[in-house]
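The values are calculated or read from the model by the stated rules, or taken from the named source; none is laboratory data. Bear in mind that the values here come from a model prediction, so they are computed numbers and not experimental data. When we count neighbours, we look across all protein chains shown, and the Cβ atoms used for this are built from the backbone with ideal geometry, even at glycine.
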Amino acid sequence: MIKRALRTGTTGLVTYATHHLVTVLTAKKPRWKRRNFRDRQVNLSGGATAAAGTALLGFTATNQMTTWAWLIPTTTAGVLGYIDDMDPNPEKARGFRGHIGALTRGEVTTGALKLVGISTAALISGAILSQRHNGRGIDRIVDVMSCGGLIAISANLINLFDLRPGRALKVAGALCLTAGCNTNPDIRILGSGLLGVVGACAPQDLGEQTMLGDMGANPIGAGVGVLLALMPRRRHRLIGVGVVTGLTLLSEKVSFSSLIDKTPFLAWVDRLGRAP
């Protein structure tokens, strides 16, 4: 417990210090400015900090295999998220169907590039993690696909929640808290570290000074996906794939913001800590 608290605190302090440094360096760069849902100006420095902090957590894993399984998708998600955030024409295509539709028309959007790139990195990570699960034949294929699917879809899902200050961080933080109860040492280590990153980014995100953007939400989501993919029981991973896939498909039909606003408890949690 003490080691976990120290790990979370250290990660949080390093990320918090980096957060302020990146904010200072990007303060006068117009490309890093955005308008949030209340038309307040925010800085994308929160995303850069989240991406860096999340990726660096890979070096705290107990073995090199897990380190690479973490680094590959989180770093890829951060880099491609940055490219997508800096797209001068972000309205060109929206959502999963929008980017796929653009591809069928021969148009390669930054969102489509991100979709393909993160999915590829997730499958590579899934192949690495499948070696931990010791499957053979069809079981090995299922392990690769389920682990890869969890990482890729989670990266996208956390990004879908990044529509209000602190929302994506609260969802990721809740999942990290459950990871702390797991008996797997890597899940506990990486989960507590990611919780530290979430905690460090939260004050300025909730205060509507910065935002995660794709470059921050996607890496955190990919990290959450790796935590889920590390679960030792295959049936638990398959249930996880079903849940994150179901939520992603639901987002194409239903507005999460509208659903949250109509549910009193969720609305209270969503507004908790947010600037008035």
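If I ask for residues that are in contact with an Asp or Glu (Cβ under 8 Å, 6 or more places away or on another chain) and either part of a helix (DSSP H, G or I) or on the phi > 0 side of the Ramachandran plot (or both), which ones from the range 130-146 would you list?
130, 133
Can you pull out every residue in the range 251-276 that is surrounded by 13 or more Cβ atoms within 10 Å (Cβ to Cβ) and either farther than 25 Å from residue 201 by Cα or within 22 Å of the chain's Cα centre (by Cα) (or both)?
251, 256, 257, 259, 260, 266, 267, 269, 270, 271, 273, 274
Give me the helices (runs of 4 or more DSSP H) completely within the range 17-129, filtered to those with at least 2 residues that are modelled with pLDDT of 85 or more and buried (at least 19 other Cβ atoms within 10 Å of the Cβ), ordered by residue number.
45-56, 64-85
Evaluate the range 216-226: report whether one residue or more is under 13 Å from residue 53 (Cβ atoms) and among the β-branched types (Val, Ile, Thr).
There is at least one residue in the range 216-226 that is under 13 Å from residue 53 (Cβ atoms) and among the β-branched types (Val, Ile, Thr).
Looking at 267, 200, 222, 229, which is the one that is on the phi < 0 side of the Ramachandran plot and in contact with a Phe, Trp or Tyr (Cβ under 8 Å, 6 or more places away or on another chain)?
After ruling out the rest, the residue left standing is 200.
Restricting attention to the range 139-195, report how many residues are more than 23 Å from residue 274 (Cα to Cα), hydrophobic (A, V, I, L, M, F, W, C) and surrounded by fewer than 20 Cβ atoms within 10 Å (Cβ to Cβ).
Summing the residues that are more than 23 Å from residue 274 (Cα to Cα), hydrophobic (A, V, I, L, M, F, W, C) and surrounded by fewer than 20 Cβ atoms within 10 Å (Cβ to Cβ) in the range 139-195 gives 4.
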